[in-house]
Amino acid sequence: MPPALHAGHNDLRQGLLEPQARISPKYLYDARGCELFEQITQLPEYYPTRTEAAILADAGPAMAQALRGHEVLIELGAGNCEKVRALCRSLWPRHFVGVDIAGDFLYQAVRRLAEEFPGLDARAVHADITKPLQLPPDLPQAGRLVFYPGSSIGNFDPADALAMLRRMHGLLGPDGGLLIGIDLPKPLHWLEPAYDDAQGVTARFNLNVLSHVNTLIGSDFDEDDWAHHAFFNTRHSRIEMHLRARQPLAVAWPGGGRRFAEGETIHTENSYKYPLPHFQDMLAQAGFSTSKVWTDERQWFAMVYAHA
């Protein structure tokens, strides 16, 4: 395609040309990526979704009591809006704003949510949550609650995670709050299979990013040239996902390209596992004060409520 059709997404080109090639994890979530991630959440190896859902169910009454007064619910990375349903049933907010980078997927989800809760003013904002966010100007300032479940904060390097928390704080008034999910450290034999399942769904999810990149910058990646690779980096307390070249190859895009040696990787995602005290320190640096923490019996996952 002509270069003019691919003038944007310079971050993709720059990332692919770095010594350790990388693709931001936000590009994992095109329409196909969202569908595959939904499948991942149902896998027996993928503990985060069901563990978080159990916390939301078990702590529902106590959570509703702690969150009382929040009538404006803002979910970042809303996806299919499935997790927010439990909060809507317990809090009955007047306003909901779902924000996600996958626009078509989000609009459908918010429409379904509005049908399920007829009195709810439900809106969709198609936006990249890693950048400054513009909410609807008529959205009430008072009583806002930012909801960021699923441990997605772990996908950001610590400095970027702190910047993200500060942007969340900036969306809130003095009576606002944040309800956020974090994945806690746990034994390696539980961690690694969650990101490299036996059915290969996570592999397909990771490889799908190459098709998305082809669409965005006009590159000629071939998924068959690459293999999914996931492992726990003990030094940084994070799962890393990579795509590893199966043989020497060259990838081109309008105005550029790169050669990859056999075994060379593209780093596509991190998932940090923060100890709870460490994460609470990050919240404090972002301007929040921790109010409540709910965890499961095994202390594998935590839902943290923090005041602005």
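Dividing the summed -39500 (n - 2.57) terms of all DSSP H runs of n ≥ 4 by the residue count of the chain sets its mean residue ellipticity at 222 nm at -10000 deg cm²/dmol.
Once you've got the Cα coordinates, tell me which of 26/273; 26/83; 131/292; 83/292 are over 22 Å apart. Exceeds cut-off: 131/292. Surface composition of region 41-135: carbon and sulfur atoms hold 51% of the protein heavy-atom accessible area at a 1.4 Å probe. If the viscosity is 0.890 mPa s and the temperature 25 °C, what Stokes-Einstein diffusion coefficient in µm²/s follows for region 150-190 when Rh is the Kirkwood radius over Cα pairs? The estimated diffusion coefficient comes to 207 µm²/s.
When DSSP beta bridges are limited to those with both residues in the chain, what percentage is antiparallel, rounded to the nearest 5? Among the beta bridges of the chain, antiparallel pairing accounts for roughly 60 percent. Accessible surface computed residue by residue for the chain, with neighbouring protein chains in place and a 1.4 Å probe, gives 45 Å² per residue. Over all distinct Cα-Cα pairs of region 38-98, the Kirkwood formula returns a hydrodynamic radius of 12.6 Å. What you get for region 1-137, charging only the Cβ of Lys and Arg (+1) and of Asp and Glu (-1), is a dipole of about 200 debye around the Cα centre.
Legend: translational diffusion of region 191-308 by Stokes-Einstein, Rh = Kirkwood radius over C-alpha pairs, 20 °C, 1.002 mPa s; D = 126 µm²/s.
Using every pair of separate Cα atoms, the Kirkwood estimate puts the hydrodynamic radius of region 262-302 at 12.9 angstrom.
Between residue 236 and residue 65, what's the calculated FRET efficiency when r is the beta-carbon distance and R0 is 30 Å? Round to 0.05. FRET efficiency, residue 236 to residue 65: 0.20. Which one, 185, 145, 174, is farthest towards the positive end of the dipole of region 123-198 when Lys and Arg carry +1 and Asp and Glu -1 on their Cβ? Selected residue: 174. With unit charges on the beta carbon (Lys/Arg positive, Asp/Glu negative), name the residue among 265, 211, 239 whose Cα is farthest towards the positive pole of the charge dipole of region 144-299. With unit charges placed on the Cβ atoms, the residue in question is 239. Each Lys and Arg contributes +1 and each Asp and Glu -1, all at the Cβ; summed about the Cα centre of region 177-290, the dipole is approximately 320 debye.
Hydrodynamic radius of region 104-257 by the Kirkwood approach over all distinct alpha-carbon pairs: 19.1 Å.
Global size of region 17-152: 15.7, 52 Å for Rg and Dmax (C-alpha atoms, Rg to one decimal, Dmax whole).
By the compact-protein rule of thumb, 2.2 N^0.38 Å, the alpha-carbon radius of gyration of region 8-69 corresponds to a ratio of 1.73. Length, then width, then depth: along the principal axes, the Cα atoms of region 88-159 run 39, 29, 25 Å.
In whole angstrom, how far apart do the alpha carbon centroids of region 121-141 and region 72-111 sit? Cα centroid to Cα centroid, the span is 11 Å. Considering only the Cα atoms of the chain, their convex hull presents on average a projected area of 15.9 nm².
The values are calculated or read from the model by the stated rules, or taken from the named source; none is laboratory data. What you see is a predicted model; the values in this text were computed from it and never measured. Quick reminder, even Gly has a Cβ in these numbers, built from the backbone with ideal geometry, and neighbours come from all protein chains shown. Note: accessible area is taken over every heavy atom of the protein model, side chains too, but ligands, DNA and RNA are not part of it. Shrake-Rupley method; radii C 1.70, N 1.55, O 1.52, S 1.80 Å.
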